[in-house]
There are 2 protein chains.
Amino acid sequence: MGKKRILVTNDDGIFAPGLKALVNVARDFGEVIVVAPNSPQSGTGHAITINQPLRIHRIETFQGIEAYECSGTPVDCVKLAKNILLKGRPVDLCLSGINHGSNASINIIYSGTLSAAMEASLELIPSIGFSLLDYSFDADFSASEEYVREIVAQAIHNGIQDCKLLNVNIPKLPKEQLRGIRMCRQCEGRWDEEYQESKDPRGESYYWLTGKFIEQNAMEGTDIWALNNGYISIVPSGHDLTAYKALHNNDHFHRDSSDIGVHVSLPGPR
Amino acid sequence: MGKKRILVTNDDGIFAPGLKALVNVARDFGEVIVVAPNSPQSGTGHAITINQPLRIHRIETFQGIEAYECSGTPVDCVKLAKNILLKGRPVDLCLSGINHGSNASINIIYSGTLSAAMEASLELIPSIGFSLLDYSFDADFSASEEYVREIVAQAIHNGIQDCKLLNVNIPKLPKEQLRGIRMCRQCEGRWDEEYQESKDPRGESYYWLTGKFIEQNAMEGTDIWALNNGYISIVPSGHDLTAYKALHNNDHFHRDSSDIGVHVSLPGPR
């Protein structure tokens, strides 16, 4: 099997220790190109920058590796990588993370890390988003290193079947308490939120988001169950949001123009 | 049926004509509260603001209606509405839009308008995102007004079955060419992107996103097919991204700690 080209990105920014940990695994599997935000972008979801220009600068943060910092969001990084920096150089795999903090359950929707991986998957590039359940900057990424390496190896050698995106979450545990890797479905959950309300130095009110994740129905088979039981969770993920069950039970929305009292006059031959 | 409380938001900002059009429909169905971004937020996806504080100001843009502009994203608007502005006042319905431009197919993922509606749906509030396939500021929202009214009426009187979120897209057509409303599934599609590359006044390179949406497999039953054939499309939508088919065909990722050569020592009784 030839040398692979691997795009690595994240949402915590180019200087995050989690990115370094992922680059250090990726470099053993082929040619690595890093394109990551120049500032933390947690919670940016699938945001793209359309109302302003983007900047990219080559940097020498990772020895012997082509790396760029970008002024945009994680999804912008992937788009710029594909369309500008890697134009004509196909990418075999995209790795995003390792995120400082959980992206299990519903958090995939808010996550810049997973959105970057999803963007690459939309371009049909097999993609994996990694997250460690430790929000601190000094999180320890070494305990799970062999598992991360194993997941990347499997994705390269045996592929990802029937989807292009894996959402991998790693419990915050010492190596000897990690029990293995499990394929899971996305658990239900929600954020119970509050805002810290305060006044700025000019006496103006402001609100700062805070909150607590509440897992729901975390039964066996879900990513939250796996994480709560010492396993690394992998949720194979897609991007079709259609609620298929609902598709056939909402006929009351079906209307023809005559129901609205309008006679349709179609333009010439279609 | 008692008076309903309806939260209205968007991603084009508090002064967008599409928001005004939606408020003018919503006000006929109950008490309306508007919370919308104070600047355009197209393409912000499901972004939330966690690294800085948020501001809210009451404004008198809509006669007789409680309205606020917010410094955050569309999802921030919904969170602030629920947790601060409407605390203790339950919301019966959330309407987002009317977006200036399509959110059909894969665009639901990039859309601030639909992400706001999805955020409300995660809070179990029935929610509808509306989009007109016309990107111009001066888009004509009058042609589809009766259809928008009909969809809101159905959601209020007969509910949304088996999901909490509808993604409604409206073709850019005169009223007499709109053929009706169809329930659809999300069409496949992707963006064929380019970046306009140029130099700023200081000679520094910048990149500005541009691109073209490419529909794929737009067969009957998809939202793109409906829109191409003169129908308003409704895609009932959820938030479970699990690729269920892939869940059972990727056993090569399954690992126990012994496969990694680690003897697991669990902490005391669990």
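The values are calculated or read from the model by the stated rules, or taken from the named source; none is laboratory data. Remember, predicted model here, so these are calculated numbers, not experimental data. No Cβ is skipped: glycine too gets one built from the backbone with ideal geometry, and neighbour counts run over all protein chains shown.
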- Being of a type in the set (S, T, N, Q) and touching a Leu at 6+ places or on another chain (Cβ under 8 Å) narrows it down to one of B:N169, B:N158, so name that one. B:N169
- Note on the structure: Listed by first then second residue, the pairs whose first member lies in region B:209-238 and is more than 19 Å from B:V168 (Cβ to Cβ), whose partner is part of a helix (DSSP H, G or I) and not small (G, A, S), with beta carbons under 8 Å and at least 6 positions apart or on separate chains, are B:L209/A:D76; B:L209/A:K79; B:M219/B:W225
- Task: Note down all Cβ pairs under 9 Å where the first residue falls in region A:48-60 and is part of a loop (DSSP other than H, G, I, E, B) and β-branched (V, I, T), the second is surrounded by fewer than 18 Cβ atoms within 10 Å (Cβ to Cβ) and at pLDDT 95 or above, and they're at least six residues apart or on different chains.
- Result: none
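Within region A:226-257, which residues are part of a loop (DSSP other than H, G, I, E, B) and either at the interface with another protein chain (Cβ under 7 Å from one of its Cβ atoms) or within 30 Å of A:N99 (Cβ to Cβ) (or both)?
First, the residues of region A:226-257 that are part of a loop (DSSP other than H, G, I, E, B): A:229-230, A:238-241, A:243, A:248-250, A:254.
Residues satisfying the conditions are A:N229, A:G230, A:G238, A:H239, A:D240, A:L241, A:A243, A:N249, A:N250, A:H254.
Quickly run through region A:153-175 and pick out the residues that are assigned to a strand (DSSP E or B) and hydrophobic (A, V, I, L, M, F, W, C).
The initial filter retains those residues of region A:153-175 that are assigned to a strand (DSSP E or B), namely A:165-170.
Selection gives A:L165, A:L166, A:V168, A:I170.
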- On the given criteria, is A:F130 part of a strand (DSSP E or B), touching a residue at least 60 places away in the same chain (Cβ under 8 Å), more than 12 Å from every other protein chain (Cβ to nearest Cβ) and more than 22 Å from B:L122 (Cα to Cα)? yes
- Message: Looking at B:G101 and the list (1) surrounded by fewer than 17 Cβ atoms within 10 Å (Cβ to Cβ); (2) on the phi > 0 side of the Ramachandran plot; (3) not basic (K, R), which single condition is not satisfied?
- Response: (1)
- Note on the structure: Considering residues that are of a type outside the set (S, T, N, Q) and in a loop (DSSP other than H, G, I, E, B), the number found within region B:182-219 is 9
- Note on the structure: Of those in region B:101-120 that are within 11 Å of another protein chain (Cβ to nearest Cβ) and of a type in the set (G, A, S), the residue farthest from A:G45 (Cα to Cα) is B:G101
- Item | Residues located in region A:169-222, provided they are among the charged types (D, E, K, R) and facing chain B (nearest Cβ under 9 Å) | A:K175, A:E176, A:R179, A:R182, A:R185, A:E188, A:R190, A:E193, A:E194, A:E197, A:D200, A:E204
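Here are some residues: B:R179, B:R190. Which one is in contact with a Gly (Cβ under 6 Å, 6 or more places away or on another chain) and closer than 23 Å to B:W225 by Cα? Outline the logic, then answer.
On the way: B:R190 fails: in contact with a Gly (Cβ under 6 Å, 6 or more places away or on another chain).
That would be B:R179, the only listed residue that is in contact with a Gly (Cβ under 6 Å, 6 or more places away or on another chain) and closer than 23 Å to B:W225 by Cα.
Test A:D200 against the criterion of being at pLDDT 90 or above and surrounded by 15 or more Cβ atoms within 10 Å (Cβ to Cβ), and give yes or no. Outline the logic, then answer.
Values: at pLDDT 90 or above: yes; surrounded by 15 or more Cβ atoms within 10 Å (Cβ to Cβ): no.
Here the answer is no, as A:D200 does not meet what is asked.
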- Task: Within region A:182-206, count every residue that is in contact with a helix residue (DSSP H, G or I) (Cβ under 7 Å, 6 or more places away or on another chain) and closer than 23 Å to A:S136 by Cα.
- Result: 5
- If you check every pair at least six apart or on different chains, which have Cβ atoms under 6 Å apart with a residue in region A:77-93 that is part of a loop (DSSP other than H, G, I, E, B) first and a residue that is of a type outside the set (V, I, T) second? A:V91/A:R5; A:V91/A:L7; A:D92/A:K4; A:D92/A:R5
- Query: Which one is surrounded by the fewest Cβ atoms within 10 Å (Cβ to Cβ), of the residues in region A:125-137 that are modelled with pLDDT of 95 or more and among the hydrophobic types (A, V, I, L, M, F, W, C)?
  - Reply: A:L133
